[in-house]
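*Asks:* Questions regarding the structure given below will be posed in turn.
Any read-out appearing in this document is the output of simple, stated calculations on the displayed coordinates, not a laboratory observation. The model shown is predicted, which means the values in this text are computed figures rather than measured ones. Ideal geometry is used to build each Cβ from the backbone, glycine not excepted, and the neighbour counts take in all protein chains shown.
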Amino acid sequence: MANKKNDFYWNNYIEAADTACRAADYLLECVQNYDIEQISEMLTKMHEFEHKGDSLRHEMTEALAKSFVTPIDREDMAELCQKLDHVIDSIEEVLQALYINNIEKIEADAVCFAEKICTCTVKMKNMVKELSNFKKSELLHKLIIEVNSAEEECDQLYLESSYNCRKKFDKQNLLDVIAWREIYSKLEECSDSCEHVADTIEAVVMKNT
């Protein structure tokens, strides 16, 4: 019975990570086939992923409040839940930034960035799937490093993208440059949020093994 109770927690985390993957895939689809006339529909569909993430977080919070015994420290479990939810939120914020800044045409760097975000979320999901076996897993540490490496690639792309914006300073409206700087920052936050999940899991492993 105890194992089945624990399965709820692990499955909740996996479902949250999977929701993040699907949100990232949809973001990539949006920037690859961008049409400003369809932005409202894009936002509505993306919000469904965010709503799913919130639902999973509420389910976890309720379960933690009612459970007498949890598989790892209650506060650590709640923190991991929040970090996974933030990944989904940060992906939605990219699309919101496109809408707020009235972006009409997607820069090539943004498509490349969205592809890397998809990679980050997949690696994060693989890591989360291994979490239930954290006391015995020989793979989990490698998966944590993979997430960190994917985030570092996004950091490099952020620098390159921001530099490209700077080069365009004399060629396009300053407001466009500011808008794209903000969008690239939002994209970087997506990868940072994946790394924060990895950092939280790494801390859990250190405390419990």
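*Asks:* Over all distinct alpha-carbon pairs, what is the Kirkwood Rh of the chain in angstrom? Spell out each step's value before the answer.
*Replies:* Working: mean 1/r = 0.0561 Å⁻¹.
After inverting the mean inverse Cα-Cα distance, the result is 17.8 Å.
*Asks:* What is the sum of charges around residue 68, taking Lys and Arg as +1, Asp and Glu as -1, for the other residues whose C-beta is under 11 Å from the C-beta of residue 68? Intermediate results must be reported in sequence, preceding the final value.
*Replies:* Values: positive: 5, 66, 74; negative: none.
Every neighbour counted, the sum reads +3.
*Asks:* Based only on Cα atoms, what mean projected area does the convex hull of the stretch 163-207 have, in nm²?
*Replies:* Working: hull surface 13.9 nm².
If you wrap the Cα atoms of the stretch 163-207 in a convex hull and average its projections, you get 3.5 nm².
*Asks:* Students often get this wrong, so check it: of 45/142; 5/125; 4/125, which have C-alpha atoms separated by over 24 Å?
*Replies:* On the way: 45/142 34 Å; 5/125 21 Å; 4/125 21 Å.
From 45/142; 5/125; 4/125, over 24 Å: 45/142.
*Asks:* Between the helical axis of 74-100 and the dominant principal axis of the chain, each derived from Cα atoms, what acute angle in degrees is found, rounded to the nearest 10?
*Replies:* Once rounded, the angle reads 20 degrees.
*Asks:* When only C-alpha pairs under 8 Å and at least 6 residues apart count, what is the relative contact order of the stretch 2-208, in percent? Walk me through the numbers before you get to the answer.
*Replies:* Values: 205 pairs, mean separation 62.2, N = 207.
It comes to 30 percent, rounded to a whole number.
*Asks:* Any idea how far apart residue 45 and residue 7 come out in nm if each label point goes 7 Å out from Cα toward Cβ?
*Replies:* Label at residue 45, label at residue 7, 3.3 nm between them.
*Asks:* So if we plug the beta-carbon distance of residue 99 and residue 63 into 1/(1 + (r/R0)^6) with R0 = 22 Å, what FRET efficiency do we get, rounded to 0.05?
*Replies:* Working: r = 35 Å, r/R0 = 1.57.
The value I calculate is 0.05.
*Asks:* Which three extents, in angstrom, do the Cα atoms of the stretch 67-126 have along their principal axes, listed largest first?
*Replies:* Projected onto the principal axes, the Cα atoms of the stretch 67-126 cover 53, 25, 11 Å.
*Asks:* Moving on to the next point. Can you find, among 9, 158, 24, the residue farthest towards the positive end of the dipole of the chain? Put +1 on the C-beta of Lys and Arg, -1 on that of Asp and Glu.
*Replies:* Farthest towards the positive end: 9.
*Asks:* Within a Cβ distance under 14 Å of residue 102, other residues only, what is the Lys/Arg minus Asp/Glu net charge?
*Replies:* On the way: positive: 105; negative: 35, 37, 104, 176, 182.
Taking every Cβ under 14 Å from that of residue 102, the sum is -4.
*Asks:* Size of the dipole of the stretch 113-164 about the Cα centre, Lys and Arg at +1 and Asp and Glu at -1 on the beta carbon, nothing else charged, in debye to 20? Could the numbers behind the result be given before it?
*Replies:* Numbers: 7 positive and 9 negative charges, 90 e Å.
Once rounded to the nearest 20, the dipole reads 440 debye.
*Asks:* What whole-number distance in Å separates the alpha-carbon centres of the stretch 1-66 and the stretch 130-198?
*Replies:* So the separation of the two Cα centres works out to 19 Å.
*Asks:* Which three semi-axes in whole Å describe the equivalent ellipsoid of the stretch 1-107, each the square root of 5 times a Cα gyration tensor eigenvalue, listed largest first?
*Replies:* On the way: eigenvalues 234, 26, 20 Å².
Value: 34, 11, 10 Å, ordered largest first.
*Asks:* Can you give the FRET efficiency to the nearest 0.05 for residue 82 and residue 162, using r as the Cβ-Cβ distance and R₀ = 22 Å? All intermediate terms of the calculation are to be shown ahead of the outcome.
*Replies:* On the way: r = 28 Å, r/R0 = 1.29.
Between residue 82 and residue 162 the formula returns 0.20.
*Asks:* Quick one: angle between helix 2-32 and the longest Cα principal axis of the chain, in degrees between 0 and 90, rounded to 10, please.
*Replies:* 10 degrees
*Asks:* Quick one: length gained pulling residue 35 to residue 141 fully straight, 0.36 nm per residue minus the C-alpha distance?
*Replies:* Numbers: separation 106, 0.36 × 106 = 38.16 nm, distance 4.09 nm.
Length difference between fully extended and current span is 34.1 nm.
*Asks:* Compute the longest continuous run of the chain that contains no exposed GluC sites (Glu not before Pro); treat a site as exposed when its DSSP state is not H, G, I, E or B and it has at most 15 other Cβ atoms within 10 Å.
*Replies:* Numbers: sites that count: 104, 138.
The answer is 1-103.
*Asks:* When only alpha-carbon atoms count, how far does the stretch 44-84 stretch along each of its three principal axes, as whole angstroms with the largest first?
*Replies:* Principal extents (Cα only, largest first): 38, 17, 11 Å.
*Asks:* Same structure, new question: If you put +1 on each Lys and Arg Cβ and -1 on each Asp and Glu Cβ, how big is the dipole of the stretch 2-208 around its Cα centre, in Debye rounded to 20? It would help to have the intermediate numbers written out before the result.
*Replies:* Working: 24 positive and 42 negative charges, 117 e Å.
Dipole of the stretch 2-208, to the nearest 20 debye: 560 debye.
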